[in-house]
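Remarks on the structure that follows.
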Amino acid sequence: MPMNRKRLLIAVLVVVIAAVAVYAYLARRKSSSAALTVYGSIDIREVQLAFNDSGRIGQIAVQEGDRVHRGQLLATLDAARFRDAAARAAAQLAVARHGLARLRSGSRPEEIAVARANAAAAQATWRNAQKTYRRDAVLAKEHYLPQQASDDARQAMEVAFSRQQAAQQALRLVIRGPRRQDIAAARAGVAADKAALALARKELADTHLYAVDDGVIDNRILEPGDMAGPQTPVLSLALDNPVWVRAYVPEPDLGRLRQGMRMVISSDSFPGQHFDGWLGFVSPVAEFTPKTVQTEQLRTELVYRVRIYVCNPDGRLRLGMPVTVTIPLPARLSRGLAHHPCGS
């Protein structure tokens, strides 16, 4: 009897242990299917702001740590030479436009009248030279004048005829007006000067440096009086809303992720507080778990880098801050989350 009781107790103990093991397994499986936890750190994008042209900095309107908004004026160059260039381009365009207008309007009545009068005078001179030559030719034949006089009169008549022909041609040109090729060339000149003016005005506008997005001034690299250029950043702008978490997901859990799915981010710096995020990117390349990432998996396992965007309107999440990311599973995909909903 004692032996049977002992065996019964052992059997009951085995059943209890098996039940506990099954319960723990099911609970762990349920827990693992309910959420996925990964660890990472905060990354912030930075923009190096520089002028599009070279010049001496006239003013910087912000300090390090200032919060700025898209389109806000941050700094200016000394714009004196850019204003002069724009004024010169505007004057050249005005000259070209007046020249084109003059060609399009054709000859003025006064110009035609002058050309007609010149033609008439040349005609009269030619006729008078004809009469003089005829008279001198008769006198030279009768030996009342030397032959040289007759020859000179003939030459004067021919010169007068050429001048009369030139005056007639000039009258025709004035009446017909400018050629189409001249008008087309003047029109092209106007277009070139207009483009030069647009470029000069763009260069003048480029003396102003504006914020490309909302963010915080991270660094004043140059100061007023320094020479700046396209290759020399003036300010560093941190784009801190949204920020993103750099984390790593083990390969077995990769199939449970979908781009755009919601996630919850927490930080030891703000106990009990959570930040909303969404999955924006999963690397197509596997890598070994970085030593700086703390996970419950073996460090020899392959992982995939993920980027998780987090709304950060108050600027509390900062570069390098370690965070914990909780991914509810199964999670409903959230449409449109990858298109910067923060602050909208």
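Please treat every number below as a calculation from the coordinates, not as lab data. For clarity, every value in this text was computed on a predicted model and none was experimentally measured. Note: ideal-geometry Cβ built from the backbone for every residue, glycine included; neighbour counts use all protein chains shown.
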Inset, instruction - Quick one: which residue in Gly255, Gly189 is surrounded by 14 or more Cβ atoms within 10 Å (Cβ to Cβ) and not hydrophobic (A, V, I, L, M, F, W, C)? - result: Gly189
Inset, instruction - Return yes or no: is Glu111 in contact with a helix residue (DSSP H, G or I) (Cβ under 7 Å, 6 or more places away or on another chain) and in contact (Cβ under 8 Å) with a residue 60 or more places away in the chain? - result: yes
Legend entry - Given (1) surrounded by fewer than 18 Cβ atoms within 10 Å (Cβ to Cβ); (2) in a helix (DSSP H, G or I); (3) not acidic (Asp, Glu), number of the condition Tyr144 does not satisfy: (2)
Legend entry - Among the residues listed as Asp213, Asp240, Asp193, Asp218, the single one being out of contact with any helix residue (DSSP H, G or I) (no Cβ under 8 Å at 6 or more places or on another chain), acidic (Asp, Glu) and not in a strand (DSSP E or B): Asp213
